[in-house]
1. Relative to the present Cα-Cα distance, how much length would full extension add between residue 94 and residue 81 at 0.36 nm per residue of separation?
2. Calculate one ³J(HN,Hα) per residue across the range 122-131 by plugging θ = phi - 60° into the Karplus curve 6.51 cos²θ - 1.76 cosθ + 1.60, and present them in order as whole Hz with x for glycine and proline.
3. Provide the packing ranking of 75-88, 56-69, i.e. peptides ordered by the mean count of other C-beta atoms within 10 Å per residue, highest first.
Amino acid sequence: MKLPDLKTIAGLCLLFFAFAVAQPAHAQDKADMLKNSTPEQRAKMQTGMMKTKLQLDTTQVVKVQAINLAAAQKMDPILKSDGGKLAKLRQMRDIENTRDKELKKVLTDDQYKKYEAAKEEMKEKMKERMQDYKNSKS
């Protein structure tokens, strides 16, 4: 049974807001978009979705863009490396945790609650997709 590659999974994590609020598209189209995008493109897309979903003000948009870009740039070499999947996932989780701490400083309490709720929703959707994928291969 072949699971989706690590780059696709990590990209999905980075763009959880994009997938949570974007219009429906084919899963393969999304995976291709992630594989072919730069950290700058991913950060810009994610910030745009967060701006809409969380109703960010102008100052917040600038700060969130910088946080998202820094995280995407740190994530990029991990995605491209040949390291083990588990080690990569741990590194990416550490980057995401750092990103979350930085975002908490910028977002209001209400915005951060919405952000956390959207993250949880995306995790559930990813679990469902993985289960559907496993079931389709059985």
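What follows draws every value from the coordinates through simple rules; no lab data is involved. Since we're looking at a predicted model, the values are computed, not measured. Note that each Cβ is placed from the backbone with ideal geometry, even for glycine, and that neighbours are counted across all protein chains shown.
1. Result: 3.0 nm gained on full extension.
2. Listing the rounded values in order: 5, 4, 5, 5, 5, 4, 4, 4, 5, 5 Hz.
3. Averaged packing, sorted descending, gives the order 56-69, 75-88.
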